[in-house]
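These notes concern the structure reproduced below.
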């Protein structure tokens, strides 16, 4: 039977594309309580983590509206970064449990937190957002020391920490670009 007709739509078809040896996201969502459903929605950053390829890139792109909170001032930037980091650790850990696999590719809220670190307290200009995006994705994929080591930490803390560190690298490089350019 076609999964689209079985579950009723393309969205649920994409949600069920997880590897067969693990619990598909649609199945986990259907079986989860409200707490689990909230974790899945947040961890996939409202579904962007369900893209069949480059889910981390799409998750980072989907973080751009949140980055614009920087326009509201330092307090809002700090609150957004701390809040998203705490939510990311919780939802990543819970989603990992629900899907039965370590560091699921569907979890992209860690990229959201890392991208917030990248642009933390920088003017939210389109140039900073574009350069920050490419630098963050570069360091998230390259995983220089200690980013790769942080990835080995357990649970949601490990899922999120490597992206926070990749964000620190990207942030420092972006600040360095502006220091030497200006």
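Bear in mind that the values in this text are calculations on the coordinates, not laboratory data. A quick note: this is a predicted structure, and the numbers were derived from the prediction, not measured. Cβ: placed from backbone, ideal geometry, glycine included. Neighbour counts: every protein chain shown.
What to note about this one:
- The lone criterion from (1) in a helix (DSSP H, G or I); (2) over 19 Å from residue 166 (Cα atoms); (3) under 16 Å from the mean Cα position of the chain (by Cα) left unmet by residue 92 is number (2).
Results for (1) without any contact (Cβ under 8 Å) to a residue 40 or more places away in the chain; (2) within 22 Å of residue 50 (Cβ to Cβ), shown as yes or no for each residue.
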site: 83; (1), (2): yes, no
site: 117; (1), (2): no, no
site: 133; (1), (2): no, yes
site: 148; (1), (2): yes, no
site: 151; (1), (2): no, yes
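- Some residue of the range 68-76 being surrounded by fewer than 19 Cβ atoms within 10 Å (Cβ to Cβ), touching a residue at least 60 places away in the same chain (Cβ under 8 Å), in contact with a helix residue (DSSP H, G or I) (Cβ under 7 Å, 6 or more places away or on another chain) and part of a helix (DSSP H, G or I): no
For (1) within 21 Å of residue 62 (Cα to Cα); (2) touching a strand residue (DSSP E or B) at 6+ places or on another chain (Cβ under 9 Å); (3) buried (at least 24 other Cβ atoms within 10 Å of the Cβ), each residue gets a yes or a no:
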residue: 86; (1), (2), (3): yes, no, no
residue: 101; (1), (2), (3): no, no, no
residue: 104; (1), (2), (3): yes, no, yes
residue: 107; (1), (2), (3): yes, no, yes
residue: 112; (1), (2), (3): yes, no, yes
residue: 145; (1), (2), (3): no, no, no
residue: 150; (1), (2), (3): no, no, no
residue: 167; (1), (2), (3): yes, no, yes
